Amino acid sequence: MGGKRFAVLLCAEDSEYSRKKYGGYFGIFVRMLAEEGERWDVYRVARGEFPEDDEVALYDGFVITGSCNDAHGNDPWIHDLLALLNKLNTMNKKILGICFGHQILGRALGGKVSRSPTGWDISVRTINLSSSSSLALSSLKLPSRLSIIECHRDEIRELPAKAEVIAWSEKTGIEMFRYGDHIMGIQGHPEYTYDILLHLIDRLIQRSFIMESFAVEARVKAALWEPDKEAWKRLCISFLKGRL
């Protein structure tokens, strides 16, 4: 008995800030996606923590988070994640991939992921939803352009066979894709708030991923627009829970 059950496949280590304010990245996703009566679990896959075979069938859907690791990398846990995603695909489980999650889904399904030729995208960016998309956006009454927080330097460069681009931007050709009725990837971060982005920028500086001069420009640009958080929340929930 009970409501639906979902799992977050956590591909990053929580920052101290995210732990204290939101209960970690798992807490951030639960805050955006969870509804009354549901059960949400977390598997810290970047630490090698994966669901057992008999547990996988218990879930109605999975969410794959962002990561500081490369989706085109060869860490052992990444190969384990690719194997899990292929299993979930054959089971037609609902899967929502965010940033790294979007990219690793693309790789698992046969696409190509690499560094973006135009470098980092750390901003609030407007993306264009495809008018020809099979995604039933009309039922959600969404505009054709939505703003979202971006923080990535990799991207899907080649779409998996049978997958469909459902959003693009001036910088990234595959901002969103859909594969069948059960898999969707979003390059941006619908779950992020402005304060989370600012702290992530600080974290990237500390790890020498970006220069301070780049960070200053990124902070200024990010402050100019508001992400369409409520629209993204409706879209993600509707997809994950089979309402599209």
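State the volume of the convex hull built on the alpha-carbon positions of segment 5-72, expressed per residue in Å³ and rounded to an integer.
Once divided by residue count, the hull of segment 5-72 is 96 Å³.
Round to the nearest 10 and report in Å² the accessible area of D202, as given by a 1.4 Å probe over the protein chains' heavy atoms.
For D202, solvent-accessible area is about 60 Å².
Average the reciprocal distances over every distinct pair of alpha-carbons in segment 81-208, invert the result, and give the Kirkwood radius in Å. Before the final figure, lay out each step's value.
Working: mean 1/r = 0.0659 Å⁻¹.
Hydrodynamic radius (Kirkwood, Cα only) of segment 81-208 equals 15.2 Å.
Across the chain, where is the longest run that never hits trypsin sites (Lys or Arg not before Pro) in a DSSP loop with at most 14 other C-beta atoms within 10 Å? Intermediate results must be reported in sequence, preceding the final value.
On the way: sites that count: K141, K162, R207, R243.
Result, exposed sites excluded: 1-140.
Considering the Cα trace of segment 59-117, what is its radius of gyration and what is Dmax, both in angstroms?
11.0, 37
Compute the distance from the alpha-carbon center of segment 225-240 to that of segment 161-196, in whole Å.
So the separation of the two Cα centres works out to 12 Å.
I'd like the distance between the alpha-carbon centres of segment 24-58 and segment 64-92, rounded to an integer number of Å.
15
With label points built 7 Å along Cα→Cβ from the Cα atoms of K241 and M91, find their separation and express it in nm.
Between K241 and M91, the simple spin-label model gives 2.1 nm.
Can you figure out the FRET efficiency of S116 with R39, using R₀ = 35 Å and their beta-carbon distance, to the nearest 0.05?
0.40
Aspartates and glutamates near K241 by alpha-carbon distance under 14 Å, same-chain residues fewer than 8 away left out - which ones?
E35, E36, E38, D60, D181
Could you tell me the largest-minus-smallest coordinate of the C-alpha atoms of segment 1-116 on each of the three principal axes, in descending order and whole angstroms?
40, 36, 22
Taking the square root of 5 times each eigenvalue of the Cα gyration tensor, what semi-axes in Å does the equivalent ellipsoid of the chain have, largest first?
Working: eigenvalues 124, 87, 71 Å².
Ellipsoid half-lengths, sorted descending, are 25, 21, 19 Å.
If the chain between A161 and N69 were fully stretched, how many nm would it gain, using 0.36 nm times the residue separation less the Cα-Cα distance?
Values: separation 92, 0.36 × 92 = 33.12 nm, distance 2.47 nm.
Full-extension gain reported as 30.7 nm.
At 1.4 Å probe size, with the rest of the protein present, what percent of the exposed accessible area of the chain is carbon and sulfur atoms?
Within the chain, the accessible surface is 49 percent carbon and sulfur.
Any idea of the accessible area per residue across segment 21-83, 1.4 Å probe, to the nearest Å²?
Numbers: 3010 Å² over 63 residues.
Accessible area per residue, segment 21-83: 48 Å².
Assuming a strict under-28 Å limit between Cα atoms, what lysine pair count do you get for segment 1-140 once near-sequence pairs (fewer than 8 apart, same chain) are dropped? It would help to have the intermediate numbers written out before the result.
Numbers: K4/K20; K4/K21; K4/K87; K4/K93; K4/K94; K87/K112; K93/K112; K94/K112.
Lysine pairs satisfying the spacing and distance rule in segment 1-140 number 8.
Write down the accessible area per residue of segment 145-232 in Å², having rolled a 1.4 Å probe over the full set of protein chains. Don't skip to the end; give the middle numbers.
Numbers: 4050 Å² over 88 residues.
For segment 145-232, the per-residue accessible area is 46 Å².
The values are calculated or read from the model by the stated rules, or taken from the named source; none is laboratory data. Quick caveat, the model's predicted, so the values are computed rather than measured. Note that we place each Cβ from the backbone using ideal geometry, even for glycine, and neighbour counts take in every protein chain shown. These area figures cover heavy atoms from the full protein model, side chains too; ligands, DNA and RNA do not enter into them. Shrake-Rupley method; radii C 1.70, N 1.55, O 1.52, S 1.80 Å.
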